[in-house]
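Trainee: Mind having a look at this structure? Questions to follow.
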Amino acid sequence: MANIENQKFIALDISGKNNLSWVLDVKLHLSAKKLRYTIDEDNAASNEECATTLIFLRHHIDDGLKYEYLTVENPLELWQNLNDMFEHLKAVVLPKALND
């Protein structure tokens, strides 16, 4: 069976080393698809919109992360879980980037 949607950008690495660029890519692509609000708190997304976003997110994360969050059925919950997992990397990456 053909892949329904080709990967649009590099998947989120299980180490989180590409987290900052991945977050930006996800937000841009979801905005282009008019689905950005599905990863915002208190959204009124339909089941279909949530499913579309969840498929998109899962398609763009490392297989190890897919298995770790296998039971998550809400895109907002998956987004928050991934953010919580890699949030600490911002403090490490941003100061170096500011000095460049």
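The values are calculated or read from the model by the stated rules, or taken from the named source; none is laboratory data. These numbers were taken from a predicted model, which means no experiment stands behind them. We place every Cβ from the backbone using ideal geometry, glycine too, and count neighbours over all the protein chains shown. Calculation scope for accessible area: heavy atoms of the full protein, side chains included, ligands and nucleic acids excluded. Shrake-Rupley method; radii C 1.70, N 1.55, O 1.52, S 1.80 Å.
Trainee: Select from segment 38-48 the residues that are modelled with pLDDT of 95 or more and more than 15 Å from GLU77 (Cβ to Cβ) and write down the one among them that is least open to solvent (accessible area, probe 1.4 Å).
Mentor: Ranking the candidates gives SER46 first.
Trainee: Kindly establish whether ASP42 is touching a strand residue (DSSP E or B) at 6+ places or on another chain (Cβ under 8 Å) and either without any contact (Cβ under 8 Å) to a residue 12 or more places away in the chain or under 15 Å from ASN18 (Cα atoms) (or both).
Mentor: So ASP42 fails the test.
Trainee: Please work out if SER15 is farther than 19 Å from GLU77 by Cβ, open to solvent by 50 Å² or more (accessible area, probe 1.4 Å), out of contact with any Asp or Glu (no Cβ under 7 Å at 6 or more places or on another chain) and outside any loop (DSSP other than H, G, I, E, B).
Mentor: Working: farther than 19 Å from GLU77 by Cβ: yes; open to solvent by 50 Å² or more (accessible area, probe 1.4 Å): yes; out of contact with any Asp or Glu (no Cβ under 7 Å at 6 or more places or on another chain): yes; outside any loop (DSSP other than H, G, I, E, B): no.
When the stated conditions are applied, SER15 does not pass them.
Trainee: Is it the case, given these coordinates, that THR71 is among the hydroxyl-bearing types (Ser, Thr, Tyr), open to solvent by less than 50 Å² (accessible area, probe 1.4 Å) and out of contact with any strand residue (DSSP E or B) (no Cβ under 8 Å at 6 or more places or on another chain)?
Mentor: It is false that THR71 is among the hydroxyl-bearing types (Ser, Thr, Tyr), open to solvent by less than 50 Å² (accessible area, probe 1.4 Å) and out of contact with any strand residue (DSSP E or B) (no Cβ under 8 Å at 6 or more places or on another chain).
Trainee: Now, a different point. Looking at LEU94, LEU20, LEU89, LEU30, which one is modelled with pLDDT of 95 or more and either exposed (fewer than 14 other Cβ atoms within 10 Å of the Cβ) or outside any loop (DSSP other than H, G, I, E, B) (or both)?
Mentor: Criteria check complete, one pass: LEU30.
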